[in-house]
Amino acid sequence: MARTKNEDTEQQILEAAKKVFQLKGMDGARMQEIADEAGINKAMLHYYYRSKQLLFEAVFSHAFAMMAPQLNQILNDDSSIEDKIRHFTHDHLSFIMAHPYLPKFIIQELNRNPDFVTNMKTKTGFPSIEKFKTQVAAEVKQGILKPIEGEQLFINVLALNIFPIIASPMIKAFVRAEDEEYTRLLETRKTEVANFIINAIKA
């Protein structure tokens, strides 16, 4: 009798994979480790996911599916640009702190497979910044913000959020912070980044 995939087992695999990827990264993770963490044998793991790449993409898609609606809501609600920056920075940093392997994976995947994000962009619910750009232009015209393009502002927020995750070993060395202290620094960045940007762009 042919086996059928079980949703509980699949979720168990995704949670195990997320844990191993967080500890070892994409390159360091091994399928046997993920199988052991999930409490299944390697053959069963390969039945659900034929390769580590497919499993990583499934973990990413699952995580992205949790993040995208939240970001879309922030980017497309009727709040001011200042409120959007505060909410986006807090929620985005919280998300990437919980999934620190994702920014590194995206950069690695872009170098290896430039079509990765193009494929992601076609999926339903991919965040749109069109309303954000329109609001930025309107608030610049009203004299609320200094002249800045919406795209540039959005890139600034992303860069300030993501870089401390990608470059964490180097920054830890510079600031002489161990893991616990660095986590505290990242927590404070949820407001520090927003304050920095808002102070820079308010007219």
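Couple of notes before you dig in:
- For segment 1-103: lysine pairs under 16 Å (alpha-carbon distance), excluding those fewer than 8 apart on one chain: 5
- Considering only Phe174, Asn72, Ile85, and ranking their Cα positions along the charge dipole of segment 68-179 that arises from unit charges at the beta-carbon of Lys, Arg, Asp and Glu, the one farthest toward the positive end is Phe174.
- Maximal additional length on extending the Asp27-Thr134 stretch stands at 34.5 nm, based on 0.36 nm per residue less the C-alpha distance.
- Scattering profile of segment 49-159 at q = 0.11, 0.14 Å⁻¹ [log10 I(q)/I(0), Debye over alpha-carbon scatterers]: -0.41, -0.64
- Amide hydrogen neighbours beyond the local backbone of Leu145, cut-off 5 Å, H modeled: Val140, Ala203
- Simple Cβ-charge dipole of the chain, Lys/Arg +1 and Asp/Glu -1, about Cα centre, in debye nearest 20: 400
- Overall form of segment 95-180 per C-alpha gyration tensor (a/c, 1.5; a/b vs b/c): oblate
- Counting only protein heavy atoms and using a 1.4 Å probe, the accessible area of Lys131 comes to about 70 Å².
- Sulfur and carbon atoms: percent of accessible area, segment 133-181 [1.4 Å]: 61
- For segment 138-203, the alpha-carbon coordinates run over 45, 17, 15 Å along the three principal axes, in decreasing order.
- Debye-sum result for segment 124-173 in log10 I(q)/I(0), which assumes one identical scatterer on each alpha carbon, at q = 0.19, 0.23 Å⁻¹: -0.71, -0.83
- Cα long-axis angle, helix 81-98 against the chain (0 to 90 degrees, to the nearest 10): 20
- Charge sum, other residues only, whose C-beta stays under 13 Å from His92's C-beta, Lys/Arg counted +1 and Asp/Glu -1: +3
- Straight-distance crosslink candidates among aspartates and glutamates, where the alpha carbon sits under 18 Å from Lys133 and sequence neighbours closer than 8 are dropped: Asp77, Asp78, Glu82, Asp83, Glu149, Glu151
- Excluding ligands, DNA and RNA, the accessible surface per residue across the chain is 58 Å² with a 1.4 Å probe.
- Counting every alpha-carbon pair across the chain, the share separated by more than 23 Å comes to 54%.
The values are calculated or read from the model by the stated rules, or taken from the named source; none is laboratory data. Since the structure is predicted, the reported quantities are computational estimates derived from the model, not experimental observations. Using ideal geometry, Cβ is built from the backbone for each residue, glycine included, and neighbour counts are taken over all protein chains shown. Remember, those area values only see protein heavy atoms, side chains included, never the ligands or the DNA or RNA. Shrake-Rupley method; radii C 1.70, N 1.55, O 1.52, S 1.80 Å.
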